Amino acid sequence: MAKIFCIANQKGGVGKTTTAVNLAAGLAKLGQRVLLVDLDPQGNATMGSGINKSDLDVSVYQVLLGMGDLRSAVHNSETGHYDVLPSNRDLAGAEVEMVELDQRELRLKQALASVFDHYDFVLIDCPPALSMLTLNGLCAAHGVIIPMQCEYYALEGLSDLVNTIKIVHAKMNPDLKVIGLLRVMFDPRMMLSQQVSSQLEKHFGDKVFKTIIPRNVRLAEAPSYGIPGVIFDSAAKGAQAYTAFGKELLDRIAVL
Ligand code: ATP
Ligand code: MG
């Protein structure tokens with residue numbers, strides 16, 4: 001039975017997609033069967049996995065609206081060796097179109113039920129908003145992985161996200177928990193990064209993953225080739241950090 005994790009943070013550009021794609025590829029390298037769900041109309045996780053978002057007959061959009069079957073929408077990432085439920089800008093309309101539907105926050109959960117046994121992990125790359133799409137992700141998941149940049153404003157948004165997770169846990173999905181906070185795009189030369197990082201450890205203790213993802217240009221270059229960073233240049237510091245993160249996650253959920 002799959003463990004389902006959302007990669008969420010309503011702040012834009014904090015490394016959600018980079019984390020989702022590289023964790024998917026990292027876990028696949030460790031022999032895990034992974035489905036990556038792209039829940040963002042930007043389709044960055046789709047493209048970063050080597051799948052052309054402009055060339056989709058069925059995407060996550062049709063699946064959420066009940067107009068397409070999940071299995072017919074799933075593509076294989078040949079570069080990352082995991083499966084992808086892809087997305088493109090069609091999904092931008094879904095928020096509004098779903099207003100009419102019953103149990104609209106449970107659409108993804110219901111769709112994923114049919115593939116539960118096919119995967120060890122389902123990773124959901126959320127859009128940068130606490131929207132109906134993100135709510136679908138949170139209602140479908142067992143846990144949330146929160147990528148964070150160690151900068152001054154990072155902590156501000158965190159309380160909104162943690163509150164949303166608490167509400168979803170209380171009212172809609174009792175399985176949901178915060179799996180951990182992942183420090184990403186870390187620059188050890190910046191005093192502020194060090195300070196925010198130790199503040200996070202102080203406030204959130206064990207909820208902060210030990211692995212720290214450094215700022216690394218090879219991770220930023222990889223998406224333009226449609227190859228996950230951990231495969232594109234596996235020796236680069238960023239790739240090694242994401243591989244280590246995959247291992248840490250496996251250890252962490254073994255004791256959950
Ligand atoms: P959005 O909110 O728009 O979905 P996001 O949170 O998914 O953004 P990413 O797209 O993963 O964030 O990252 C934002 C930018 O930072 C991208 O250009 C990405 O390549 C780059 N980036 C992410 N992580 C790193 C890193 N560790 N080192 C260098 N660049 C990075
Ligand atoms: Mg993204």
(message) Among the numbered criteria (1) part of a loop (DSSP other than H, G, I, E, B); (2) hydrophobic (A, V, I, L, M, F, W, C); (3) surrounded by fewer than 20 Cβ atoms within 10 Å (Cβ to Cβ); (4) within 15 Å of ligand 1 (Cβ to nearest atom), which one does Ala92 miss?
(response) (1)
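Are any residues in region 72-99 among the small types (Gly, Ala, Ser) and either touching a residue at least 24 places away in the same chain (Cβ under 8 Å) or on the phi > 0 side of the Ramachandran plot (or both), and if so, which ones?
At the first step, the residues of region 72-99 found to be among the small types (Gly, Ala, Ser) are 72-73, 77, 80, 87, 92-94.
Across region 72-99, the qualifying residues are Ser77, Gly80, Ser87, Ala92, Gly93, Ala94.
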(request) Could you figure out which of (1) buried (at least 19 other Cβ atoms within 10 Å of the Cβ); (2) more than 16 Å from ligand 2 (Cβ to nearest atom); (3) of a type in the set (A, V, I, L, M) isn't true of Val144? (result) (2)
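Go through Gly50, Gly13 for me and flag whichever is touching a residue at least 24 places away in the same chain (Cβ under 8 Å), within 15 Å of ligand 2 (Cβ to nearest atom) and on the phi > 0 side of the Ramachandran plot. Give the derivation first.
Details: Gly50 fails: within 15 Å of ligand 2 (Cβ to nearest atom).
Residue meeting the stated conditions: Gly13.
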(message) Anything in region 20-51 that is open to solvent by 50 Å² or more (accessible area, probe 1.4 Å), away from ligand 1 (no atom under 14 Å from the Cβ) and aliphatic (A, V, I, L, M)? List them, or say none.
(response) Leu30
(request) Collect the residues in region 227-251 that are among the basic types (Lys, Arg) and over 17 Å from the mean Cα position of the chain (by Cα), keeping them in residue-number order. (result) Lys237
(request) Name the single residue, out of those in region 129-139 being open to solvent by less than 10 Å² (accessible area, probe 1.4 Å) and of a type in the set (A, V, I, L, M), that is nearest to ligand 1 (Cβ to nearest atom). (result) Leu133
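Which of the residues spanning region 168-206 are away from ligand 2 (no atom under 16 Å from the Cβ) and under 17 Å from the mean Cα position of the chain (by Cα)? Full working, then the answer.
Taking region 168-206 first, the residues away from ligand 2 (no atom under 16 Å from the Cβ) are 168-181, 183, 186-206.
Within region 168-206, Leu176, Lys177, Val178, Ile179, Gly180, Leu181, Arg183 qualify.
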(message) Being in a helix (DSSP H, G or I), in contact (Cβ under 8 Å) with a residue 24 or more places away in the chain, of a type outside the set (A, V, I, L, M, F, W, C) and within 15 Å of ligand 2 (Cβ to nearest atom): is that true of Thr164 here?
(response) no
(request) Just give me the residues in region 99-128 being open to solvent by less than 40 Å² (accessible area, probe 1.4 Å) and either touching a His at 6+ places or on another chain (Cβ under 8 Å) or within 14 Å of ligand 1 (Cβ to nearest atom) (or both), in sequence order. (result) Leu123, Ile124, Asp125, Cys126, Pro127
(request) Could you list all residues from region 198-256 that are in a strand (DSSP E or B) and open to solvent by less than 70 Å² (accessible area, probe 1.4 Å)? (result) Val208, Phe209, Thr211, Ile212, Ile213, Pro214
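Return the residues of region 171-197 that are in a helix (DSSP H, G or I), farther than 24 Å from Leu250 by Cα and open to solvent by less than 80 Å² (accessible area, probe 1.4 Å); say none if nothing qualifies.
Leu192, Ser193, Val196
Somewhere in region 75-83, is a residue out of contact with any helix residue (DSSP H, G or I) (no Cβ under 7 Å at 6 or more places or on another chain), crowded, with 21+ Cβ neighbours inside 10 Å and at pLDDT 95 or above?
Kept after step one, since they are out of contact with any helix residue (DSSP H, G or I) (no Cβ under 7 Å at 6 or more places or on another chain), are these residues of region 75-83: 75-78, 83.
Those still in the list that are crowded, with 21+ Cβ neighbours inside 10 Å too: 77, 83.
Filter once more, so that each one left must be at pLDDT 95 or above: 77, 83.
So far as region 75-83 goes, yes, one or more of its residues are out of contact with any helix residue (DSSP H, G or I) (no Cβ under 7 Å at 6 or more places or on another chain), crowded, with 21+ Cβ neighbours inside 10 Å and at pLDDT 95 or above.
The values are calculated or read from the model by the stated rules, or taken from the named source; none is laboratory data. It should be emphasised that the depicted structure is a prediction, and the values quoted were computed from it without experimental measurement. Neighbour counts run over all protein chains shown; Cβ positions are idealised from the backbone, glycine included. Surface accessibility is based on the protein's heavy atoms, side chains included, excluding ligands, DNA and RNA. Shrake-Rupley method; radii C 1.70, N 1.55, O 1.52, S 1.80 Å.
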